1. Kindly check whether there is at least one residue in the stretch 86-107 that is assigned to a loop (DSSP other than H, G, I, E, B), farther than 30 Å from residue 32 by Cα and of a type in the set (A, V, I, L, M, F, W, C).
2. Among the numbered criteria (1) in contact with a helix residue (DSSP H, G or I) (Cβ under 9 Å, 6 or more places away or on another chain); (2) surrounded by 12 or more Cβ atoms within 10 Å (Cβ to Cβ), which one does residue 86 miss?
3. Can you pull out the residues in the stretch 25-83 that are at pLDDT 85 or above, among the hydroxyl-bearing types (Ser, Thr, Tyr) and surrounded by fewer than 14 Cβ atoms within 10 Å (Cβ to Cβ)?
4. Pick from the stretch 77-102 the residues that are over 17 Å from residue 16 (Cα atoms) and charged (D, E, K, R): which of them is farthest from the chain's Cα centre (by Cα)?
Amino acid sequence: MSSLGEYRDHLHRFQALFPSYSQAHGTFEIKGPDPQTGKKNGKARTVPGAPAISAWQEHLAGGPIGLGAIPLLDDGMSVKWAAIYIDDNQIDHCCLEAKVKDFDLPRNLLHGRLQ
């Protein structure tokens with residue numbers, strides 16, 4: 001991003017798409033790959049409070065510490081989005097998308113970094 005103002009605009013739009021719990025968030029610090037599976041090893045934590053602007057900036061830039069927004073809203077009862085993490089590198093994403101479509105579920109099927 002070319003300026004702090006432009007970055008904040010992108011961040012505000014991202015946060016509007018994914019409203020989340022303001023009393024806690026998650027982090028995942030990558031320690032390195034598992035020599036047998038190649039999957040990333042790391043330490044997951046739940047951190048009190050909302051994430052700092054710098055944590056969002058690092059996350060959106062692809063930094064080494066992942067940021068986990070908690071979908072639960074502050075009313076303690078509702079969500080506006082959800083995510084399912086599938087820890088299987090062999091999954092057929094086309095087949096999964098077809099099954100989700102068959103059930104007529106609202107969706108945006110994405111897969112994360114493969115590195």
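1. yes
2. For residue 86, the exception is condition (2).
3. Those that are at pLDDT 85 or above, among the hydroxyl-bearing types (Ser, Thr, Tyr) and surrounded by fewer than 14 Cβ atoms within 10 Å (Cβ to Cβ): 46, 54, 78.
4. Only one residue fits best here, namely 102.
The values are calculated or read from the model by the stated rules, or taken from the named source; none is laboratory data. None of these values were measured; they are calculated from a predicted model. Here the Cβ is made from the backbone with ideal geometry for all residues, glycine too, and neighbour counts use every protein chain on show.
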